[in-house]
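Structure first, then comments.
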Amino acid sequence: IDGYFINLKNIWTTKKLFTMKKLLFIVCLTIFGFTFNSNAQVDPQTSTEEPVDPNGPVITFDTLVVDFGTIDQGSDPFRIATFTNTGKKPLHITTCSGSCGCTVPKCPDTPIMPGEKGKMKVRYDTNRTGRISKTVTVKSNANNGTVTLRVVGMINAKQAKPAMEPNTGGPVMGQ
């Protein structure tokens, strides 16, 4: 009788193993099917993207680099990025954000009319030292979409003050 139960147990685990293999195969096949389907070509005629308005606003920066140069620690933390609306409709900057908390841009709140210049103030934490390599992302209603500015520079550390002023000839202790 003991041999009979052991044999039934082996048959049950064999069936369970076979069922698990089938289930694993079906799951893998399903994942492969979804992956293959997601790579399918989209017909450009039926694309849901909005067409670009040829008369829409276009944001054109004087330069895509905000250069702090080589400065000392604690120096002026602000630089100005200048841009022009070279399009034919008002430009609305929706967001501008720095790549980290040490880089903080301030966007204009008012629309920039066609042909007008705008200014964006960029603040960097100059109490940090070393090389600056950050980005500022500017999103707007412009035809050219999102623009990324690079923030670069070098901040030299301040020279540490001596803990105690040197003795300049006054009385010496212990004499």
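Of the whole protein surface, Asp62 contributes about 100 Å² of accessible area at a 1.4 Å probe radius. Counted residue by residue at 0.36 nm each, then reduced by the alpha carbon distance between them, the extension gain from Lys21 to Arg123 reaches 30.8 nm.
Pairs with C-alpha atoms separated by more than 25 Å, drawn from the list Lys117/Lys158; Lys106/Lys134; Lys88/Lys134; Lys89/Lys121, are Lys117/Lys158; Lys88/Lys134.
3J(HN,Hα) couplings calculated from phi for segment 95-110 with the Karplus curve 6.51 cos²θ - 1.76 cosθ + 1.60 (θ = phi - 60°) are, in sequence order, 8, 9, 9, x, 6, 8, x, 7, 10, 10, x, 10, 7, x, 8, 9 Hz; Gly and Pro show x. Over segment 101-154, Cα pairs under 8 Å with separation of 6+ residues give a relative contact order of 31 percent.
Each listed q (0.17, 0.20, 0.25 Å⁻¹) maps to a log10 I(q)/I(0) for segment 49-89 from the Debye sum over equal C-alpha point scatterers, namely -0.63, -0.72, -0.89. The modelled label-to-label distance between Ser97 and Asp62, using points 7 Å beyond Cα along the C-beta direction, is 2.8 nm. Take the Cα of Ala157, step 7 Å toward its Cβ, do the same at Ser75, and the gap between the two points is 1.8 nm.
Within straight-line reach of Lys21, meaning a Cα separation under 20 Å, sit the following lysines at least 8 residues removed in sequence or on another chain: Lys9.
The residues Phe78, Phe25, sorted by heavy-atom accessible surface at 1.4 Å with ligands and nucleic acids left out, run Phe25, Phe78 from largest to smallest.
The values are calculated or read from the model by the stated rules, or taken from the named source; none is laboratory data. None of these values were measured; they are calculated from a predicted model. Using ideal geometry, Cβ is built from the backbone for each residue, glycine included, and neighbour counts are taken over all protein chains shown. These area figures cover heavy atoms from the full protein model, side chains too; ligands, DNA and RNA do not enter into them. Shrake-Rupley method; radii C 1.70, N 1.55, O 1.52, S 1.80 Å.
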